[in-house]
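Notes to accompany the following structure.
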Amino acid sequence: MIHRPIIALALLAPFVSGGEIERLKETIEEQNRQIGILMKRVERLEKDESPREHSHEHEADVEKGETPLHIALVANMAAVARNVGNGDYAAYGIPGFLDEAGEIPFNPERGFNLNYAEIEFTSSLEGVAHLYSSLHVEKEGLHIGELFVESEPLPGDLTLKGGRFRSAFAEINTLHQHGWNFSSAPLVIETFFSPVGISEDGASLTWRPGATQVGLEALQGTNERSFGAGDAPLYVGYLRHTLRFPSDLAVRVGGSWMHGKNPVGTTDIYGGELKVTKTFGAERSLTWQTLLLERDRAGERQGGLYTEALYMADAEVGGALRYDLLYKNLPGEPEDLDRWTAALIYKPYDFAKVRLQYTYDRSKRFGTERRDVHELLLGLTIEAGEHAEHVGHNH
């Protein structure tokens, strides 16, 4: 087939110089190259009738031999009002679970908090794998949040990943803080792992046959709150299945298991997860999700859960409500450690998210005294550049 640019060049030839003709040829060759790339993308999209969901999903949509690097910058900040002074709050404990909070990465002080900046790098490696890196820029310095290589789907619906990454034992743990519905992690995540969840060096193998996801992970086991025995690995396994109904309703159920060593014995953590999503048209949706975890740490049994609902009236405005409960504690420790959190979410632009959040927290101990904490927070998140999509990123 004769392309129109070639015809146009033939008609213009008598009126232009030789040098101009060469420049026109180069322009047309570049246009044809771009058209070829677009045609390959269309062919791949037509073949991929059931795109899969996974953490940090990237399209392998470049020509062989090209490895473009995409960069994004995320900034998070908040103004906080709290009925507990900064000194007391910095040393809070959670009876039976935490003697002292340790480092508080998000909103540690009353007033204005510049929490972090996050620089993300993503690259498709010639359609074979993709590279992802997340660098956290904080007041104390720069550190690697995640850095891994993940293969594109292999035969048998398998995927391999290696590096430092967030464990996929629960959906919320695959998300970074700016992807959460609330500014703080659920109590059960904070007490069992850390305020940012669990991210470690290791490797994973994932099998995704249709609506089912099965994963195995082998990690270093350095998480000190549940594991941290030194050179003992941490093993993680999980299974999830999604049911979809004609009425735009999706139900996902899952279970997980973690096994590792701590300085005095072994730790096993068992989890159950449920997520229900109902969409009403193109933009309105209601999502309810629950996570329950139970831990046996050298014979000490504890448990906690969170349940939360998110309603998005449209692409810009929504509201969320979460309840946290640590329901199983050590002998002699309280079992009424809970927290309520409500948030209004506003996205005036694609790059900006505003959260107005109120928290009523009955889980904290300051010294020897339990005190209720009331907190009002106004947070802003800016996501600039080609930001990587995270699993379960609801808004």
Dipole magnitude of segment 125-240 about its Cα centre (Cβ charges: Lys, Arg +1; Asp, Glu -1), debye to nearest 20: 220 debye
Dipole-positive endmost among GLY332, SER363, ALA298 within segment 285-395 (Cβ charges, Cα centre): GLY332
Estimated FRET transfer efficiency when R0 is 35 angstrom, pair GLU224-LEU274 (beta carbons, to 0.05): 0.75
3J(HN,Hα) from dihedral phi, segment 343-350, Karplus parametrisation 6.51/-1.76/1.60, rounded to Hz, x for glycine, proline: 9, 9, 10, 9, 10, x, 9, 4
Listed pairs LYS139/LYS275; LYS161/LYS275; LYS275/LYS353 exceeding 27 Å between Cα atoms: LYS139/LYS275
Gained length - TYR360 relative to TYR235, 0.36 nm times residue gap less alpha-carbon distance: 41.5 nm
For TYR92, distant residues with modelled amide H under 5 Å away: ALA101
Amide H contacts of ALA229 (H built 1.01 Å from N, under 5 Å, at least 5 apart or other chain): LYS261
Phi-based couplings in Hz for segment 315-325 (Karplus 6.51, -1.76, 1.60; Gly and Pro marked x): 6, 10, 10, x, x, 9, 9, 9, 10, 10, 8
Label-point separation in nm, GLU138 to VAL253, each point 7 Å along Cα→Cβ: 3.8 nm
Percent breakdown of C-alpha pair distances by 5 Å bin, ordered from the shortest bin, for segment 90-200: 2, 10, 17, 20, 19, 14, 8, 5, 3, 2, 0
Under Karplus coefficients 6.51, -1.76 and 1.60, residue-wise ³J(HN,Hα) of segment 198-207 in Hz, glycine/proline x: 10, 9, 9, 6, x, 9, 9, 10, 10, 10
Charged-residue dipole, Cβ positions (Lys, Arg, Asp, Glu), segment 105-193 about Cα centre, Debye nearest 20: 220 debye
log10 of Debye I(q)/I(0), alpha-carbon scatterers only, for segment 297-395 at 0.19, 0.20 Å⁻¹: -0.99, -1.04
Spin-label model distance (nm) - ARG244 vs ALA90, 7 Å beyond Cα toward Cβ: 5.1 nm
Long-range HN-HN contacts of ASN115 with modeled amide H, under 5 Å: ASN76, MET77, ALA78
Estimated FRET transfer efficiency (LEU147, THR67; beta-carbon r; R0 25 Å; 0.05): 0.95
Solvent-accessible area, 1.4 Å probe, carbon plus sulfur percent, for segment 252-395: 59 percent
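The values are calculated or read from the model by the stated rules, or taken from the named source; none is laboratory data. It should be emphasised that the depicted structure is a prediction, and the values quoted were computed from it without experimental measurement. When we count neighbours, we look across all protein chains shown, and the Cβ atoms used for this are built from the backbone with ideal geometry, even at glycine. When the accessible area is computed, the model is the full protein with side chains, heavy atoms only, and any ligands, DNA or RNA have been set aside. Shrake-Rupley method; radii C 1.70, N 1.55, O 1.52, S 1.80 Å.
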